[in-house]
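The values are calculated or read from the model by the stated rules, or taken from the named source; none is laboratory data. Just so it is clear, the model here is predicted, and its values are computed rather than measured. Positions of Cβ are backbone-derived with ideal geometry, glycine not excepted, and every protein chain shown enters the neighbour counts. These accessible areas exclude ligands, DNA and RNA; they are computed on the full protein's heavy atoms, side chains included. Shrake-Rupley method; radii C 1.70, N 1.55, O 1.52, S 1.80 Å.
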Amino acid sequence: TLMNRDLLTATIRRDGSSRFSSDNRWGIFPSLALAWSITNEPFMKNQQLFSTLKLRLSYGRTGQQDVGDYYAYIPSYIFSTNPNSTYLGSGLLKPEGYNPNLKWESTDTYNLGFDFGFLNNRINGTIDVYKKKTKDLLVRSDVAAGTNSSNRMYMNIGNMENHGVEFNINANVLHINDFSWNAGFNATWNKSEITKLTAANNPDYDGIETSGISAGTGGNIGRHRVGYAPYSFYTFQQVYDTDGKPIQNAFVDRNGDGEITDADKYMKHSPMPDWYLGFSSQFRYKKWDLGFNLRANIGNYVFNDVLGGNSTVANAYGGQGALSNLYQDVVKTGFTQANDKNQNFSDYFLENASFLKMDNLTLGYSFENLFKTKIAGRISFSMQNVFAITDYSGLDPEVPGSGGVDNNIWPRPKTYTLGLNINF
């Protein structure tokens, strides 16, 4: 710190991981941050507008080592799980794919930020503009037949960029006699784009399949592709009738060759939201307090695989001698025949999953000198998962993982808690 207004922070890390060979085990990750406290400059002494004004500039590199649950650089053998793969009663050992050249995935982040405060910091916040460049992505990708012991393995291929803006503001909105109100709001806009996915630039590379669905072995609805966000959806374009109802097993022939094949699939939307929003608020009146948190995602999409796999009345006849239950939204599709292999990949099942949620709500009352004793404390009532507002037709617009596929989630419980804290 220089003259209480110029600041410099520098760090350097050298991290090692046993997930990589000794040749690539260690990575060096530096960072550098500069800050200028403008309000501490002599020319700002007589101004009354800002109580805090700081300019920040930073750079840092971080590393990522996640290559699954095994050591993907070591040649290894595993026992086959197929009970038919035995010889004279002994299990069969089979080789696993491996890549001795695996190394750290690294991300360089550049950030320009402002800190501000007004009215003796009664209102304060930050604005940040950032850009992230990730290289040597650790991706489980296809390999040429005969070049390894597996058709897919982890490799360092490709680059990705993220850029966006973050805004945060907190305020003591009101403070009158026994009543006070504090509030906070934050917003983040982010855009992600894959910029490279091959060792050498190949403009004809179709990308890497991802995000499995219930359409059988190898059924993937997502794709990593250059120019798009990771896990972007790769679907058929549904055909609709004049009433706007989907026509079962009918799709747009996008390449005009007269038949529907995988070549007619197209990239559409991403499970990543464009905006992340948050709002918190706390009220106090004498010994009472009330607080809540709101959260929203805007622009994220989910592939409703539950509907996709249960979208036709034909599912009621499973050939088991009895009728099966039907998914309630089957009435929306109007499908009466069996789905062909392409229907499960229709963009009809791709839904806007933007949402507004109240994660928690708490009401409390503090007391002291209970029954004219020294006992003090607080009684509270809280709710978790209070409500969700969304147009998504499935169980929950938030699905686990990165792929944005809804096919195996449980409902989030609504939790009520009565609490009592006592001090004596």
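Can you tell me how many residues within the stretch 130-186 are among the small types (Gly, Ala, Ser) and either surrounded by fewer than 15 Cβ atoms within 10 Å (Cβ to Cβ) or closer than 15 Å to residue 98 by Cβ (or both)? Quick ask: steps written out before the conclusion?
Step one: filter the stretch 130-186 for residues among the small types (Gly, Ala, Ser), giving 141, 144-146, 149-150, 158, 164, 171, 180, 183-184.
This time we only want the ones that are either surrounded by fewer than 15 Cβ atoms within 10 Å (Cβ to Cβ) or closer than 15 Å to residue 98 by Cβ (or both), so: 141, 144-146, 149-150.
The qualifying residues number 6.
When the residues of the stretch 87-105 are narrowed to those that are open to solvent by less than 80 Å² (accessible area, probe 1.4 Å) and modelled with pLDDT under 80, which ends up farthest from the chain's Cα centre (by Cα)?
89
Across the stretch 48-78, which residue is farthest from the chain's Cα centre (by Cα) among those that are more than 15 Å from residue 115 (Cα to Cα) and open to solvent by less than 50 Å² (accessible area, probe 1.4 Å)?
If we take residues in the stretch 48-78 being more than 15 Å from residue 115 (Cα to Cα) and open to solvent by less than 50 Å² (accessible area, probe 1.4 Å), then 76 is farthest from the chain's Cα centre (by Cα).
Can you tell me which of (1) surrounded by 13 or more Cβ atoms within 10 Å (Cβ to Cβ); (2) under 28 Å from residue 417 (Cα atoms); (3) out of contact with any strand residue (DSSP E or B) (no Cβ under 6 Å at 6 or more places or on another chain) is the one residue 371 doesn't meet?
(1)
If you check residue 308 against the conditions, is it open to solvent by 50 Å² or more (accessible area, probe 1.4 Å) and either in contact with a Lys or Arg (Cβ under 8 Å, 6 or more places away or on another chain) or more than 20 Å from residue 160 (Cα to Cα) (or both)?
So residue 308 fails the test.
To keep it simple, each residue is scored yes or no on (1) in contact with a His (Cβ under 7 Å, 6 or more places away or on another chain); (2) modelled with pLDDT of 90 or more; (3) open to solvent by less than 80 Å² (accessible area, probe 1.4 Å).
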residue	(1), (2), (3)
322	no, no, yes
351	no, yes, yes
379	no, yes, yes
382	no, yes, yes
386	no, yes, yes
406	no, yes, yes
416	no, yes, no
424	no, no, no
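If I filter the stretch 106-128 for residues that are surrounded by 14 or more Cβ atoms within 10 Å (Cβ to Cβ), under 22 Å from residue 18 (Cβ atoms) and modelled with pLDDT of 95 or more, do I get at least one hit?
yes
So which residues in the stretch 1-22 are open to solvent by 100 Å² or more (accessible area, probe 1.4 Å), out of contact with any Leu (no Cβ under 9 Å at 6 or more places or on another chain) and assigned to a strand (DSSP E or B), if there are any at all?
12, 13, 14
Collect the residues in the stretch 187-205 that are surrounded by fewer than 17 Cβ atoms within 10 Å (Cβ to Cβ) and either touching a helix residue (DSSP H, G or I) at 6+ places or on another chain (Cβ under 7 Å) or closer than 22 Å to residue 141 by Cα (or both), keeping them in residue-number order.
Those that are surrounded by fewer than 17 Cβ atoms within 10 Å (Cβ to Cβ) and either touching a helix residue (DSSP H, G or I) at 6+ places or on another chain (Cβ under 7 Å) or closer than 22 Å to residue 141 by Cα (or both): 193, 195, 198, 199, 200, 201, 202, 203, 204, 205.
Listed here are the residues, each with its yes/no results for (1) without any contact (Cβ under 8 Å) to a residue 60 or more places away in the chain; (2) open to solvent by less than 70 Å² (accessible area, probe 1.4 Å).
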| site | (1), (2) |
| --- | --- |
| 214 | no, no |
| 236 | no, yes |
| 241 | yes, yes |
| 280 | no, yes |
| 292 | no, yes |
| 301 | no, yes |
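For residues that are open to solvent by 70 Å² or more (accessible area, probe 1.4 Å), under 28 Å from the mean Cα position of the chain (by Cα) and over 18 Å from residue 339 (Cα atoms), tally how many sit in the stretch 249-270.
Within the stretch 249-270, residues that are open to solvent by 70 Å² or more (accessible area, probe 1.4 Å), under 28 Å from the mean Cα position of the chain (by Cα) and over 18 Å from residue 339 (Cα atoms) number 1.
Would you pick out the residues in the stretch 388-404 that are at negative phi and surrounded by fewer than 16 Cβ atoms within 10 Å (Cβ to Cβ)?
Once the filter is applied, which keeps residues that are at negative phi and surrounded by fewer than 16 Cβ atoms within 10 Å (Cβ to Cβ), the stretch 388-404 yields 389, 391, 395, 400, 402.
Which number in (1) open to solvent by less than 50 Å² (accessible area, probe 1.4 Å); (2) free of Cβ contacts under 8 Å to residues at least 24 places away in the same chain; (3) of a type in the set (Ser, Thr, Tyr) marks the one condition that residue 31 misses?
Here residue 31 meets the rest and fails (2).
Does residue 167 satisfy being without any contact (Cβ under 8 Å) to a residue 60 or more places away in the chain and aromatic (Phe, Trp, Tyr)?
yes
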